[in-house]
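Chemist: One structure follows; several queries about it will come next.
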Amino acid sequence: MIEMSDFIASGFPVRRKRWFVDNAFLCDRLNSEHPRRIVRQGYVAPGRRAVSQPKSILLIIGGGVAAYKALLLIRLLKGHGVGVRAVLTTGGAQFVTPLSVGALSGEKVFTDLFDLTDEAEMGHIQLSRAADLVVVVPATADLMAKMAGGHADDLATTLLLATDKDVLIAPAMNVRMWEHAATQANLATLIARGVGVVGPDEGDMACGEYGPGRMAEPEVIFAAIMARLDGGARDLVGKRIIVTSGPTHEPIDPVRYIANRSSGKQGNAIAAALAARGAEVVLVSGPVRLTPPAGVTVQAVESAREMLAATMDALPADAVVCAAAVADYRVAEVADQKLKKADGSNGRTLTLVENPDILKIVSKLPFGDRPALVVGFAAETHDVIAYASAKRVRKRCDWIVANDVSQGVFGSDDNRVTVIDDAGAEDWPSMGKDAVADRLAERIAKALTG
Ligand SMILES: Cc1cc2nc3c(=O)[nH]c(=O)nc-3n(C[C@H](O)[C@H](O)[C@H](O)COP(=O)(O)O)c2cc1C
């Protein structure tokens, strides 16, 4: 059993009520939650959850408030037969104790580079290479900076420099620290070197601020680890893919616009899934309230015409996934000034003109300019398959992902889609948008790599 006293012993500042509540919640989850339940909830892509051979990770726990979530992660990994050997940084040990980490991992916890006994038992170079994957949770701003700079002034950073294994980091920090140009430059350096990044999420932070920087949930990190341990997930390295996502806003006047209910969740998830397989991803996104996936280049746009321009600018690409809900029409003449209500008038007529059709334009590019694979989305409220099949033929795209949006798909976390291509229609069961994205990315990888 994990007790609150473990956290009190770990020096966690339980005087703050909110942190106390978080910790009580953590104890509850650690004690009651069976990892398999989490798998059924769809955090892990179908067919990906069981590692075929016994695998192990080297888990580096950095000095951030989110370090307590590393304990949940250890529990999840152990529950799925993944060995966990943990290293606590000096900062990490301020937030969780070696005792808690060791009790959950069932292994010795390493903290010191210059420990004679540790070095005699297992040298630090061997420690850096004995696991299948190195995972940093939480990856603090400091650890990211040291990794980018190639520092090796303690055990964690020395291992990170000496390892010959893949490295996955889960950043967690205050929103200003995350958005700081130094952190973003370090992130770009790490991504360019092939370091995998999971999260961070946007949300309330322990420091009381709101924004991107909150560490991804342990279940999401767990899924990313399992995908890497399973292997074969880096099959899009060297491929460039453009994903359009979210709604468009078509201006009426300086304060009003025509929009739709697209949240951008499915498009964002697809961009993240493609990037996780190693693709270079450009996400052309309409206005959304989402944290862009790490490791993806984002072009933020508002209108359909801007989305078309950004998509064309991002070409050439091996594939384009048009997941955005682009407005079919825009207002013919956008007013320079706010339209005023005229007394006694009986309403107002807006003249709409058709927007450019991004999917059709990209699909009909001449051979050589056209991406090898063009995927469209068809959100329909009735006769879904018939409309989607006709759309595929009309627009000359390769695949259409059709979904019935009559029942609250917009903004929800689940989706049920049918993928239509030359071979016919493939019905996928209802699943999380992350799982849809994962399966689609796998299908795209097969199509692009034969
Ligand atoms: C209460 C508290 C919470 C902190 N949380 C974070 C955090 O979430 N992310 C971060 O990058 N730094 C955080 N810091 C600062 C780091 O602990 C500090 O930069 C430390 O040197 C990082 O150690 P590391 O390199 O071992 O990770 C926090 C500091 C304190 C005192």
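The values are calculated or read from the model by the stated rules, or taken from the named source; none is laboratory data. This structure is a prediction, so every number in the text was calculated from the model and none was measured. Don't worry about glycine lacking a Cβ; one is built from the backbone with ideal geometry, like all the others, and counts go over all protein chains shown.
Chemist: Working only within segment 152-171, note down all residues that are within 13 Å of the ligand (Cβ to nearest atom), more than 18 Å from the chain's Cα centre (by Cα) and within 26 Å of Leu72 (Cβ to Cβ).
Modeler: Asp154, Leu155, Ala156, Thr157, Leu159, Leu160 - these are the residues of segment 152-171 that are within 13 Å of the ligand (Cβ to nearest atom), more than 18 Å from the chain's Cα centre (by Cα) and within 26 Å of Leu72 (Cβ to Cβ).
Chemist: Still on this structure, I have one more. Please go through segment 168-206 and pick out each residue that is in contact with a Gly (Cβ under 7 Å, 6 or more places away or on another chain) and polar (S, T, N, Q).
Modeler: Once the filter is applied, which keeps residues that are in contact with a Gly (Cβ under 7 Å, 6 or more places away or on another chain) and polar (S, T, N, Q), segment 168-206 yields only Asn174.
Chemist: Is it the case that Met215 is under 24 Å from Val281 (Cα atoms), near the ligand (Cβ under 9 Å from one of its atoms), of a type outside the set (Phe, Trp, Tyr) and modelled with pLDDT of 95 or more?
Modeler: So Met215 fails the test.
Chemist: Scan segment 293-323 residue by residue and report those that are in a helix (DSSP H, G or I) and over 16 Å from Gly376 (Cβ atoms).
Modeler: Arg305, Glu306, Ala309, Ala310, Met312, Asp313, Ala314 - these are the residues of segment 293-323 that are in a helix (DSSP H, G or I) and over 16 Å from Gly376 (Cβ atoms).
Chemist: Checking Val334 against (1) surrounded by 18 or more Cβ atoms within 10 Å (Cβ to Cβ); (2) touching a Pro at 6+ places or on another chain (Cβ under 6 Å); (3) more than 30 Å from Asp230 (Cβ to Cβ), only one condition comes out false. Which one?
Modeler: Tallying (1) surrounded by 18 or more Cβ atoms within 10 Å (Cβ to Cβ); (2) touching a Pro at 6+ places or on another chain (Cβ under 6 Å); (3) more than 30 Å from Asp230 (Cβ to Cβ), Val334 fails exactly one: (1).
Chemist: Then there is this: Only residues in segment 374-393 that are within 17 Å of Asn415 (Cβ to Cβ) and assigned by TED's automatic domain parsing to the domain that holds Gly246 count as the first member; pair them with residues that are assigned to a helix (DSSP H, G or I) and among the β-branched types (Val, Ile, Thr), Cβ under 7 angstrom, at least 6 apart or cross-chain, and list the lot.
Modeler: Ala379/Val405; Glu380/Val405; Thr381/Val405
Chemist: Which members of segment 172-186 meet the condition of being over 17 Å from the mean Cα position of the chain (by Cα), under 18 Å from Val198 (Cβ atoms) and within 8 Å of the ligand (Cβ to nearest atom)?
Modeler: The answer is Met177, and nothing else.
Chemist: Please find, within segment 93-127, the residue that is surrounded by the most Cβ atoms within 10 Å (Cβ to Cβ) out of those that are in contact (Cβ under 8 Å) with a residue 60 or more places away in the chain and within 16 Å of the ligand (Cβ to nearest atom).
Modeler: The selected residue is Val96.
Chemist: Using beta carbons and a limit of 6 Å, which pairs, at least six apart or on different chains, have the first residue in segment 334-350 and more than 10 Å from Pro254 (Cβ to Cβ) and the second one hydrophobic (A, V, I, L, M, F, W, C)?
Modeler: Here the result reads Leu350/Val331, each pair linking segment 334-350 to a residue that is hydrophobic (A, V, I, L, M, F, W, C).
Chemist: Right, something else. So which of Gly194, Gly199 ends up being modelled with pLDDT under 95, away from the ligand (no atom under 13 Å from the Cβ) and either crowded, with 23+ Cβ neighbours inside 10 Å or within 28 Å of Leu290 (Cα to Cα) (or both)?
Modeler: Testing whether each residue is modelled with pLDDT under 95, away from the ligand (no atom under 13 Å from the Cβ) and either crowded, with 23+ Cβ neighbours inside 10 Å or within 28 Å of Leu290 (Cα to Cα) (or both) leaves just Gly194.
Chemist: Right, another one. Could you identify the single residue in Arg289, Arg261, Arg305, Arg256 that is surrounded by fewer than 24 Cβ atoms within 10 Å (Cβ to Cβ) and closer than 26 Å to Val197 by Cα?
Modeler: Arg289
Chemist: Name the residue that is farthest from the ligand (Cβ to nearest atom), counting only residues in segment 133-151 that are crowded, with 19+ Cβ neighbours inside 10 Å and either outside the structural domain of Ile57 (by TED's automatic domain parsing) or not in a helix (DSSP H, G or I) (or both).
Modeler: Here the answer is Leu133.
Chemist: Moving on. Here are the criteria: (1) without any contact (Cβ under 8 Å) to a residue 60 or more places away in the chain; (2) over 16 Å from the mean Cα position of the chain (by Cα). Tell me which single one Ser262 does not satisfy.
Modeler: Just one mismatch for Ser262, condition (1).
Chemist: Whether any residue in segment 203-210 is crowded, with 20+ Cβ neighbours inside 10 Å, in the same structural domain as Thr89 (by TED's automatic domain parsing) and not polar (S, T, N, Q) is what I want to check.
Modeler: Scanning segment 203-210 turns up at least one residue that is crowded, with 20+ Cβ neighbours inside 10 Å, in the same structural domain as Thr89 (by TED's automatic domain parsing) and not polar (S, T, N, Q).
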